[in-house]
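The values are calculated or read from the model by the stated rules, or taken from the named source; none is laboratory data. Note that the coordinates shown come from a computational prediction; the quantities given were computed from them, not determined experimentally. Backbone-built Cβ (ideal geometry, glycine too); neighbour counts: all protein chains shown.
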Amino acid sequence: MNRTSAFSAVVLFAVTLAFCAPPPEFDLVIRGGEMLDGTGAPARRADVGIKGDRVTAIGDLSARRAGQVIDASGKMVTPGFIDTQGQSGITLLADGNGESHIRQGITSEIIGEGSSPALWTEGTSEADALQRFGLQFDWRSFDGYFQKLEDRGTSINLGTLVPATMARREVVGLDNRKATADEIRRMEEFVDRGMRAGGFGLSSALIYPPGSFADTEELIALARVSARHGGIYISHVRGESFRVEQAIAEAIQIGDAAKLPVVIYHLKVGARKHWGTMPRLTEMIQAAADRGMKISATQYPYTAGGTGLAAVLPGWAQEGGRAKMLERLQDPALRARMRREIETTIDGWENLVVAAGFDGIQIASVPPTADDSVLGKRISQIAAERGEDPWDTLFRLLTESEGRAGALYHMMSEEDVVNGMRFGLVTIGTDAAALRPEGELGRGQPHPRAYGTFPRVLGRYVREQKVIELREAVRRMTSLAAWQFNIPRRGTLQEGNYADVVVFDPATVIDRATFEQPQQYPVGIAYVIVNGVVTVTPRGHTGARAGRRLTGPAARPRES
C-alpha cells in the first residue's frame, strides 16, 4: 500500500468511527459543582445531566458524553429561583428577556397580586400601561395573553393568580359599598373562570381601592371558589403598619372558613411605633400551621416598601378612580380634610404618611410629562427645595403626576426584616417587575428589589450576616416556593424535573442595586438555565427565551 492509500485509509477509518460513535447522552452537563437540591439537604458534589427540558441524571457523569459542558468548579448548583410575588405581567411583553429578574437567578414567577393582564377585560384593563411600550391590549382571554407572551418569547416561566380586586372592579366597579348577593355570585363566576383557565388561586390587595372595599364575607365567598379548584388564598393583608395582627388574623379566618392554604404577601411591620413585633406575627402564623393549616408568607429583604404615591390618601379620597381622586385634590376643603385625617387617623386604613414620614417617602417614578427632577428625592427634600410645606408638596406631586407617581416608603426596621427571614415558612418575592437599565424600562428610580432581591439574601443575609444557612436560603427560594403555590416538577433538582438551574459563586454573590442607584445587576450569578436552555452566562443574557406558561391546578394535565 503506498503512502497516499495509507493516509486515505486512516481518514476513512476516522470518519467511520465518527459516524459510528453514539450521540451525546446529554445536551448539557453541569460538571464539578456543589449541588444544593432545594430540599434543605446539605450540599454534595454532583454533576447534573440535562436532556431536552428535563434533568435526566445526577451524580458522577465525568465519563458520559454531553453536547455542552458547564464547568461549575467552586460554585453552587441549585434549582432555579421562584419569585413568589412578581409584577412582570406587562414588562415581559415589552422585553421578554426579563433582564433584572433572570440575572438574579429567577426562572419562574407568579404574578397577579392586584391585577393580571391574563384576566383583563375592557373594564379592568390597564391599556395605558401598555402604550408607553408601544403595545396594545389586543387579547381577550387568559389563553390569549399567554399566547401573546409565548409569541413574543419570555426567558422566565410565568403563572398568575386570580385577583379579587379585579373581580370586584369588573362587577361592582369603584364604589365603596357592600356587594349584593347577585354581585357576589357574579364575582364568584369571574374567579371560577380564572381558576379553570389556569390561575393558582385567589389573591387580594386590601390596602388599595377597590380591593380595600371588600369585606371579609365577600373574600370568604371568593376563596371558596379557589378552594374548589385546588387553589390558595394569598393576601396583601388589610394592614401592615398599625393593625397588622388583626389583618393577619383576617387572612387566617378566611383560610379557615374557605378551607384552603393561606399565604401572607411580604410579611412586614411597617410603622416605627410597632417595630420589634415581628416575632408576634410569626407566632400567629406558626400557631395556625401547628393546628393543621397550610400557611406561609413571602418577604423581600429590604426596609422600604414601594407602591403608588396615591396610596397615602384615605380610601374615600380614592373612591371612584383616578379622575375622581384628582377632582377632590383640586378642592381646598377636601385637601384639608385629607390632611386632617392622615394626621390623626390610623384605624381603618393603611396610613403610609404616619408610617414613613415625609423624610421616608421617596419618589420612584413619574409619567413622562411630569417633572423628573423629583426622582430619587424624599418629599421633605423636594418641599425644602421648593420652599413649601410638605403637605402642599405631597398634593402637588399627586396632581402634577395625575395620580401616577410611584414612591418608596422607608418604614421598616432591619431587626424585623431579619426576624422575618429567620422564620422557616417565609419564601422570597421581589414585589417588582422585570426591568433593564436601557430604554423605557430604565425610566425612573425603581426599588432596588427589582434587580437585587435574591442575591441580596445570598450575599448580605447568608454570607455576611449569617442570618440563615445557605442551604436553608436556597430551600426558601425553590422547593418551599413550589410547595407554597403547588407548582409541580420545579423547585428541586431531581431526575425527571424541569431543568431550571442556577450556578452561582457563594463567595461573591451579592446585590449591587441601591436606593440611590437601583439599576445595577448583581454579581456572582454565573449561569441560569431555563427548561434546559442556557439563558445567562458570565457574558450576560444569551437572548434565549425558553420560559413557559405555568398552569394552576384546575387546568393542569394529569401528568405535568
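Rundown of residues vs (1) in the same structural domain as E170 (by TED's automatic domain parsing); (2) β-branched (V, I, T), yes/no style:
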residue: I220; (1), (2): yes, yes
residue: A227; (1), (2): yes, no
residue: H236; (1), (2): yes, no
residue: P314; (1), (2): no, no
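The residues of segment 168-209 that are touching a residue at least 40 places away in the same chain (Cβ under 8 Å), aliphatic (A, V, I, L, M) and not in a loop (DSSP other than H, G, I, E, B), listed by number, are M195, A197, L202, A205. Only one of the numbered conditions (1) crowded, with 23+ Cβ neighbours inside 10 Å; (2) within 20 Å of the chain's Cα centre (by Cα); (3) not acidic (D, E) is not met by L260, and that is (2).
When the residues of segment 248-257 are filtered to those that are touching a Lys or Arg at 6+ places or on another chain (Cβ under 9 Å) and more than 16 Å from S296 (Cβ to Cβ), the one that is surrounded by the fewest Cβ atoms within 10 Å (Cβ to Cβ) is A257.
Out of all the residues in segment 339-347, is one or more within 25 Å of the chain's Cα centre (by Cα) and of a type in the set (V, I, T)? Don't jump to the end; show me each part of the working.
Step one: filter segment 339-347 for residues within 25 Å of the chain's Cα centre (by Cα), giving none.
There is no residue in segment 339-347 that is within 25 Å of the chain's Cα centre (by Cα) and of a type in the set (V, I, T).
Would you say S212 is part of a helix (DSSP H, G or I), under 22 Å from the mean Cα position of the chain (by Cα) and either farther than 26 Å from A311 by Cβ or not assigned by TED's automatic domain parsing to the domain that holds T369 (or both)? Answer is yes for this residue. Put simply, of A310, A333 the only residue that is of a type in the set (A, V, I, L, M) and surrounded by fewer than 16 Cβ atoms within 10 Å (Cβ to Cβ) is A333. Taken over segment 395-430, the criterion of being out of contact with any His (no Cβ under 8 Å at 6 or more places or on another chain) and of a type in the set (S, T, Y) is satisfied by T399, S401, Y409, S413, T427. Does E327 count as farther than 19 Å from A271 by Cα, outside any helix (DSSP H, G or I), more than 29 Å from the chain's Cα centre (by Cα) and not hydrophobic (A, V, I, L, M, F, W, C)? In short, no. For G231, the stated conditions do not hold, so it cannot be described as surrounded by 24 or more Cβ atoms within 10 Å (Cβ to Cβ), within 23 Å of the chain's Cα centre (by Cα) and under 23 Å from V172 (Cα atoms). Of all residues in segment 127-134, none satisfies being assigned by TED's automatic domain parsing to the domain that holds G540 and surrounded by 24 or more Cβ atoms within 10 Å (Cβ to Cβ). Restricting the first member to segment 46-73 and to residues that are in the same structural domain as V534 (by TED's automatic domain parsing) and without any contact (Cβ under 8 Å) to a residue 40 or more places away in the chain, and the second to residues that are acidic (D, E) and in a loop (DSSP other than H, G, I, E, B), the beta-carbon pairs closer than 9 Å and six or more apart or on different chains are A46/D37; A46/D60; D47/D60; G49/E25; G49/E495; L61/E25; R64/E25. So, S155, is that one closer than 24 Å to G80 by Cα and not assigned by TED's automatic domain parsing to the domain that holds G231 or not? So S155 passes the test.
Scanning segment 335-385 for residues that are assigned to a helix (DSSP H, G or I) and among the β-branched types (V, I, T) yields a count of 7.
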